[in-house]
1. Which members of segment 86-136 meet the condition of being farther than 28 Å from Glu76 by Cβ and not in a loop (DSSP other than H, G, I, E, B)?
2. So for segment 109-125 (the condition being open to solvent by 30 Å² or more (accessible area, probe 1.4 Å), within 20 Å of Thr29 (Cβ to Cβ) and among the hydroxyl-bearing types (Ser, Thr, Tyr)), does at least one residue qualify?
3. Which one is nearest to Tyr50 (Cα to Cα), of the residues in segment 126-136 that are among the hydroxyl-bearing types (Ser, Thr, Tyr) and open to solvent by less than 90 Å² (accessible area, probe 1.4 Å)?
4. Can you tell me which residue in segment 26-53 is most open to solvent (accessible area, probe 1.4 Å), limited to those that are part of a loop (DSSP other than H, G, I, E, B) and of a type in the set (A, V, I, L, M, F, W, C)?
5. Does Met68 satisfy the condition of being open to solvent by less than 70 Å² (accessible area, probe 1.4 Å), free of Cβ contacts under 8 Å to residues at least 24 places away in the same chain and not in a strand (DSSP E or B)?
Amino acid sequence: MQRLLLISGFAMLLLCSAFVGGESCTVKTNGVYTTPHHSDSTLTRYLRFYDDGTAVAVDSDMPFKRVMQWFNREHEDIAMGKYKLKKCKLKFELKNSGWEFLFEGTVKGDKLQLTKINTAKPDQSIKLNYTFKPTS
């Protein structure tokens, strides 16, 4: 009987941790992730993800509500690419006419911990912590 309870308890623990772990590693698509710009306090960095694997990014000094009026994959000056999420590891490369960067990191709940790597100068990288803000 004790052995059966121990096995049942262990199984419940595994199921609960799998559910919580899977839930915390989801890239949210009903809003944007934001972080302050590392070298310009007037700018905010924005990331948006779509269910089809598209990722877009922009830096802006406009208020959040104003940015949300135009920040989508149809806008011309948006950096765009495809993201891959495997377990809690997130990876994507974004390009626009002026630059190309690789992002690698982790997803945990409403947070992204990413390293942004300049593909032209791989020794130039910065660590960024994004927080999710829902838009709908």
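The values are calculated or read from the model by the stated rules, or taken from the named source; none is laboratory data. Being a predicted model, the structure only gives us computed values, none of them experimental. Neighbour counts are summed over all protein chains in view; Cβ atoms, including those assigned to glycine, are modelled from backbone coordinates with ideal geometry. Each accessible area value is taken on the protein alone, full model and side chains, heavy atoms only, with ligands, DNA and RNA left out. Shrake-Rupley method; radii C 1.70, N 1.55, O 1.52, S 1.80 Å.
1. Result: Lys86, Lys89, Thr106, Val107, Lys108, Lys111, Gln113, Lys127, Asn129.
2. No, because not a single residue in segment 109-125 is open to solvent by 30 Å² or more (accessible area, probe 1.4 Å), within 20 Å of Thr29 (Cβ to Cβ) and among the hydroxyl-bearing types (Ser, Thr, Tyr).
3. So in segment 126-136, the residues among the hydroxyl-bearing types (Ser, Thr, Tyr) come out as 130-131, 135-136.
Of the ones still in play, those that are also open to solvent by less than 90 Å² (accessible area, probe 1.4 Å) are 130-131, 135.
Numbers: Tyr130: 17, Thr131: 16, Thr135: 13 Å.
This residue is Thr135.
4. Step one: list which residues in segment 26-53 are part of a loop (DSSP other than H, G, I, E, B), which gives 26-30, 37-43, 50-53.
So of that shortlist, the ones also of a type in the set (A, V, I, L, M, F, W, C) come out as 27, 43.
Working: Val27: 14, Leu43: 41 Å².
Per the stated criteria, the residue is Leu43.
5. Numbers: open to solvent by less than 70 Å² (accessible area, probe 1.4 Å): yes; free of Cβ contacts under 8 Å to residues at least 24 places away in the same chain: no; not in a strand (DSSP E or B): yes.
Criteria not met by Met68.
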